[in-house]
Amino acid sequence: QVQLVESGGGEVQAGGSLRLSCLASGSFYGIDAMAWYRQPPGMQRELVARIFSGGNMDYSESANGRFTISRDNAKNTVYLQMNSLQFEDTGVYYCEADVLQSYWDSGTMYWGRGTQVTVSS
């Protein structure tokens, strides 16, 4: 059983910063890509940033230049540093990981339960 647990959400004023963390635990061979998604109130879940096992990253247009995704493979943890937060960044932030059960495995997506980020204007 694989579990992803997010932490670090909260309420912050516009212009402030937050750092999210997501720890993957359980029994598995490894993790390929790890990503952060968010779901604003009343809207669909959207990709914020993704980082692959080799270190390549990609960002949504709104996150580019303000957010930084990183990972610690030894700790099976992915981070999201969010700076210059805006009201529009409000939402539930979810961690996602492509977990491998063997070297040949194509990977299975797992999701955390989410952490709330609220940016007040």
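The values are calculated or read from the model by the stated rules, or taken from the named source; none is laboratory data. Predicted model, so just to flag it, every value in this text is computed and none were measured. For neighbour counting, all protein chains shown are included, and Cβ atoms are generated from backbone atoms with ideal geometry for every residue, glycine included. Remember, those area values only see protein heavy atoms, side chains included, never the ligands or the DNA or RNA. Shrake-Rupley method; radii C 1.70, N 1.55, O 1.52, S 1.80 Å.
Springs between Cα atoms under 10 Å define the GNM used for the chain, and in it the highest mean-square fluctuation of Ser17, Ser70, Ser102 occurs at Ser102. Over the range 1-107, the ratio between the Cα radius of gyration and 2.2 N^0.38 Å evaluates to 1.08. Element breakdown for the chain at a 1.4 angstrom probe: carbon and sulfur atoms account for 46% of the accessible area. Taking every DSSP beta bridge with both residues inside the chain, roughly what % is antiparallel (nearest 5)? Looking only at bridges with both residues in the chain, the antiparallel portion is about 90 percent. With a simple spin-label model that places each label point 7 Å from the Cα along the Cα-to-Cβ direction, the separation between Trp104 and Leu47 comes to 2.8 nm. Its convex hull of Cα atoms gives the range 44-121 a direction-averaged projected area, equal to a quarter of the hull surface, of 6.1 nm².
Taking GluC sites (Glu not before Pro) across the range 1-77, the ones in a DSSP loop with at most 14 further Cβ atoms lying within 10 angstrom of their Cβ are Glu61.
The simple spin-label model puts a point 7 Å past each Cα toward its Cβ; for Ser120 and Val2 those points are separated by 3.8 nm.
Once the chain from Met57 to Gln86 is taken as fully extended at 0.36 nm per residue, the excess over their C-alpha distance is 8.2 nm.
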